[in-house]
1. Could you check the stretch B:1-17 and list, in sequence order, the residues that are over 13 Å from A:ILE69 (Cβ atoms) and within 7 Å of chain A (Cβ to nearest Cβ)?
2. From the list C:VAL295, C:VAL277, C:VAL273, exactly one residue is under 21 Å from the mean Cα position of the chain (by Cα) and buried (at least 24 other Cβ atoms within 10 Å of the Cβ). Which is it?
3. Among the residues of the stretch D:97-114, are any in a loop (DSSP other than H, G, I, E, B), in contact (Cβ under 8 Å) with a residue 24 or more places away in the chain, of a type in the set (Gly, Ala, Ser) and within 11 Å of chain C (Cβ to nearest Cβ)?
4. Is it the case that the stretch A:179-193 has a residue that's under 30 Å from C:GLY393 (Cα atoms) and of a type outside the set (Lys, Arg)?
5. Looking at the stretch C:380-409, which of its residues are buried (at least 18 other Cβ atoms within 10 Å of the Cβ), in a helix (DSSP H, G or I) and at the interface with chain D (Cβ under 9 Å from one of its Cβ atoms)?
6. Can you give me the ranges of the strands (runs of 3 or more DSSP E) entirely in the stretch C:299-359 with at least 3 residues that are hydrophobic (A, V, I, L, M, F, W, C)?
7. Tell me whether the stretch A:121-142 contains one or more residues that are in a loop (DSSP other than H, G, I, E, B) and not charged (D, E, K, R).
8. Quick check: anything in the stretch A:138-145 within 14 Å of chain D (Cβ to nearest Cβ), within 30 Å of C:HIS389 (Cα to Cα) and β-branched (Val, Ile, Thr)?
Amino acid sequence: MSEYLLLLLSTALVNNVVLVKFLGLCPFMGISKKMDTALSMGLATTFVITFTTAGSWLLEHWLLMPLGIEYLRILTYILVIAAVVQFTEMVIRKVSPPLYQVLGIYLPLITTNCAVLGLPLLNVQEKSGFAVSLIGGFGSSVGFTLVLVLFAGMRERIALASVSSTFAGAPIAFITAGMLALAFMGFAGLVPH
Amino acid sequence: MITALTSLTILGAILGLILGVAARVFRVEGNALVAELVDILPGSQCGQCGFPGCAGAAQALAEGRAPVTLCPPGGRAVAIALAAKLGVDADVSGVQDSVPMIAEVREELCIGCTRCFKVCPTDAIMGAAQQIHSVFREACTACGKCEEVCPTESVKLQPVPVTLHAWYWNKPVTQTMQTVAA
Amino acid sequence: MKLFKLRGGVHPEGWKGLAAERAIRVLPLPERLFVPLQQHVGAPAQPLIKVGEHVLKGQIIGASQGFISAPVHASTSGRIVAIGDYTAAHPSGLAAPTVTIESDGEDRWLETDSPSDPFSLLPEEIAAAVGAAGIVGLGGATFPSAVKLNLSRKNNVRTLIINGGECEPYITCDDRLMRERASDIIEGVRLIRYAVGAVDVMVGIEENKPAALASMRAAAAGTEVQVIAVPAMYPMGWDKQMIRALTGREVPADGRSADIGVLVHNVATAYAVRDAVRFGRPLVSRLVTVSGGAVAEPGNLEVPIGTLVETLFQYCGGFSEKPARMVLGGPMMGIELFTAAVPVVKGTSGVLALTAREIGSTQASPCIRCSSCVRACPVGLLPLEMAAHIRAGDSNAAVSRGLKDCIACGCCSFVCPSHIPLVHYFNFAKGELMEQERGKLKQEATRKLADERIARTQRIERERQEAAEKRKAAREAREFAAKQAALQTTTEVA
Amino acid sequence: MNAIAHSPHAHAPISVNRVMALVMLALTPATLFGFWLYGWPAINVWVMSLLAALLGEALVLRLQQRAVRPVLMDGSGLLTAWLLALSLPPWAPWWIAVLGSLFAVIISKQLYGGLGQNPFNPAMAARVMLLISFPMEMTTWVAPAPLGSIHAPGWLEGLAVTFTGSQVDGMASASLLGHVKTEFTRGIGLEQALSGYYAPLDALLGSRAGSLGETAALFLLAGGLFLMFKRIITWHAPVAMLIGVVVPALIFSAVSPAHYAGPLYHLLSGGLMLGAFFIITDPVTSPNTATGQFIFGLGCGLLTWIIRTWGGYPEGVAFAVMLMNAATPIIDHYVKPRIYGRNRKGVSMSIEPLKKES
């Protein structure tokens, strides 16, 4: 049990998907202007990542490996990801049209969020079991949501600051992201490998 | 080869089936957005945005063919409301509210031709043929149509005079210290 | 008596000693008085007199218009010389409709009959008398008092609170009034109590006014009126703060004090009510504090409404040094005057001539988020965040953070170490939003007009078409008939 | 005609400069003690930090074509550099101080628009940057050698230490937290690691190895109390941070004394006192409300303890502060004061119809 807890902590904080592994930077910069939107995006991504890590593990072990067609891995994973994203999009459009409007193009773009494809591939590389894959995926996406919301909070504040025109917008956001990564370095070594 | 093809086909078929069912379950009726956008727009059908009336503008907005800053009579307030509804980040700082204007009839020039009276979209001009027209202030949207048709340049848009009731504090001048110290 | 805990507030330097120790003086009658037709919240009064007419003191010159409004009376006897725009006591410096009276020097009252015992009147009659006397909240809110009385009676108000909290620095007119005319105030208080049928009556006076407390306690002895000392802090005179201190309850944000069974009136209002009900005398004068470091002889004056502020300064010995700023009202919420040639109105509690030293630094520097303003705000707002959003051009974000609950008391600006004009930001945003609101209302109205017009043009078009068709049908019928007839004639001929 | 001034027409006698000056005054005793304890090299580091901050800030302001003098005069840049200097190893080379100061005032402060707009505490951001980039220099400590004692380097020797990096023999030492962490990784228990290395009294008075300003716990405490007395800071954040460290330390050391150090050890070591009273009370990067500040302080304390106890770095204050800085906007978003006449959610209190009196 404590092993899984540590795994959760490790994937969420110590090996944060955005700040340490540098995956999923596109939505990290794109959907972090408002805290509420960031939280929704984080939750949608969490949903997608959790399902795709589970789904792709199942496909990997029950379909690709038995049939010996591992070379189709990326293709099948993307098929699963695209389907889950499509499903999420339909649900959000039905449940919350304003959120659908706000997330806009970034919602279908979860498909191309490299964290979503990267995490299942890393699981394969590390030969993780099903539970570890699932919990790792969930932890990673929680970490993604966490930094996305933290970052959005700071960007809301920076939007009110009188940043000089040279640095206003994306440049200062990148600097802030760098500082956030510095802060997350403090978690290094927290979970022994 | 065959295995690869079959397995992918079956996988695709299953996922497609699931999505197809989901599409039925989560169907969204119509596009309520356009109606909501029409409500935000002024509704005077003045056509200054270049679209045929407010409904046309709303359609264009919903399809992303027009910027939220398209409505001159609406000014900043409408631009902000549209941006919020569409969830876009519009740079509304550029849309300065033009000074509020109102049409005024210069009585010495008015010949009572009723042309302005006929084009006014909000019935803000009163009068009859061969009589001097006057503007009903509360109804004038300063769309400028009367100004266009007036043969004697008697109808002109004028800034609304500030009254004690409408006056409010200016925005404080912030000391951003943008000047180089001497 | 147990007092309830308050939140926020500041303790500015009081400067009360400048004017508080001198007895009330009556200002000699000025030659001309400028009486604005709107001195209250609500609709302006409608002028009832004509230029050239002679009026007596207390004669009604402007009639109340609508539900929330108040009449205006002549402050002295004399001739009406003008009815028109005159510079108003307003930061914009714009003009407002004003009646100018040239005094005849007699100061003759209009004869009125007054009841021998005001307590023999019906409560409704007292409220009517208060309304006819043009009494408004004299603490500065200038809300018509009769409206409050009627509302409170209908709401079965149980508690009457008389606000003796005079928290603005410099201002001491209520203090002097309580010291010198306590028994008259208490009679006014009892009249109000009778008029609304309240059970408990509490007079809250700040503890830094021991003399006023003592004289009010002496006057209230033996009556149902309780005089209670409250902490000295700003803004203790905010009616909702007084309610919280004395009852521990809060007025709902969307409601009025009557909703929790409380009615609040100022001490000066109570005094004016007594004058109105007992003697039938309308509100034509008030106490005004003249103070500030630049005034030679500060003091409290009894001033006819409509006197120019410059007359007050002259009577107080003029300026001992050039004032850096003239202020109408107290330093925390008063407005700067760029000319002293504006009239004293019903809501004027003081006029100040301040030196630069008293005002303090005004050079703004960046916000350091120290949250002094958050601690000082008596309402519980986040002034720093509201101002930051307004500065960035997003007034609506400030509304979602409570802009509309802001009472503009000035505590936040007062304590700000960066000297940021926070209240200025808020009033700007409130004005901007109000304008947007007006624009929206107008937009709705014009949209309706446009729709009606479209419907009408369509109808006209349709009718024209129908008429045209009818005409066509008729013509065809006629032609057909003619043809028939012609045919018949030919056959007949044949 | 001048623009009409808005009310209020009176102002409390306080200014940003005064706030900064008072904080610096409160820091002075601890700083002077540090100077005495670590001698001339420490003074050099301090001077270099402040100089670099002033020059760096002036340069950036010039580039942005903003007035230089009023910004430098507000004292915020100096205070930042001062706090940074206090968190550096006293015998650090000059370029560490300069680099840190420049990073603090330019990147973590002026790029965001200057005073009041930076999301992270500039001093702590700079310290974290230095610690990650130059772990060697940032963890080389010296044993105290009070000015005038035999081991203390003279003025010239001090210059040599700071500017050429020459080391005086036999002075290298480990800080308490660093020592314990190293011993742990070698598999040595806490009691053994601490024996002969840790005396609470020494820690209290500060005569042990550590950064320039962190060792004088007593002086820092006094400075913090002075600021509270002057109402520059409130008790919420500092007390919460101390609670955040002490409570878990108390619980875990009671359960397993061999693995977890007690509260006193945590309280008196590292930058906790400096952090609690001078860093997390930085108004710019901490929440607005008292409750928010308490949560903020508690978070800083807990994270400090977690990183110290289980993390890879011996000291966690700077990381903890930065992490909580990042969370500040969220705390502010959720913790707001209740508005008069409204409930916590901002909904107006209900208007109950009053009962008719019979």
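Values in this text are rule-based calculations from the coordinates and carry no lab data. Worth saying up front: this structure is predicted, and the values here are computed from it rather than measured. Backbone-built Cβ (ideal geometry, glycine too); neighbour counts: all protein chains shown.
1. Of everything in the stretch B:1-17, those that are over 13 Å from A:ILE69 (Cβ atoms) and within 7 Å of chain A (Cβ to nearest Cβ) turn out to be B:GLY12, B:LEU15.
2. Details: C:VAL295 fails: under 21 Å from the mean Cα position of the chain (by Cα); C:VAL277 fails: under 21 Å from the mean Cα position of the chain (by Cα).
Just a single option satisfies the conditions, and that option is C:VAL273.
3. The initial filter retains those residues of the stretch D:97-114 that are in a loop (DSSP other than H, G, I, E, B), namely D:108-109, D:113-114.
Adding the requirement that they be in contact (Cβ under 8 Å) with a residue 24 or more places away in the chain leaves D:109, D:114.
Restricting the remaining residues to those that are of a type in the set (Gly, Ala, Ser) gives D:114.
Those still in the list that are within 11 Å of chain C (Cβ to nearest Cβ) too: D:114.
Yes, the stretch D:97-114 has at least one match.
4. Here is the first cut: in the stretch A:179-193, the ones under 30 Å from C:GLY393 (Cα atoms) are A:179-180.
Right, trim to of a type outside the set (Lys, Arg) and you get A:179-180.
Scanning the stretch A:179-193 turns up at least one residue that is under 30 Å from C:GLY393 (Cα atoms) and of a type outside the set (Lys, Arg).
5. Within the stretch C:380-409, C:LEU384, C:GLU385, C:ASP405 meet the criteria.
6. On the way: elements: C:299-304, C:325-328, C:335-337, C:350-354.
Once the strands (runs of 3 or more DSSP E) in the stretch C:299-359 are filtered for at least 3 residues that are hydrophobic (A, V, I, L, M, F, W, C), what remains is C:325-328, C:350-354.
7. Going through the stretch A:121-142, the residues in a loop (DSSP other than H, G, I, E, B) turn out to be A:126-129.
Now drop any that are not not charged (D, E, K, R), which leaves A:128-129.
The answer is yes, given that some residue of the stretch A:121-142 is in a loop (DSSP other than H, G, I, E, B) and not charged (D, E, K, R).
8. Yes, some residue in the stretch A:138-145 is within 14 Å of chain D (Cβ to nearest Cβ), within 30 Å of C:HIS389 (Cα to Cα) and β-branched (Val, Ile, Thr).
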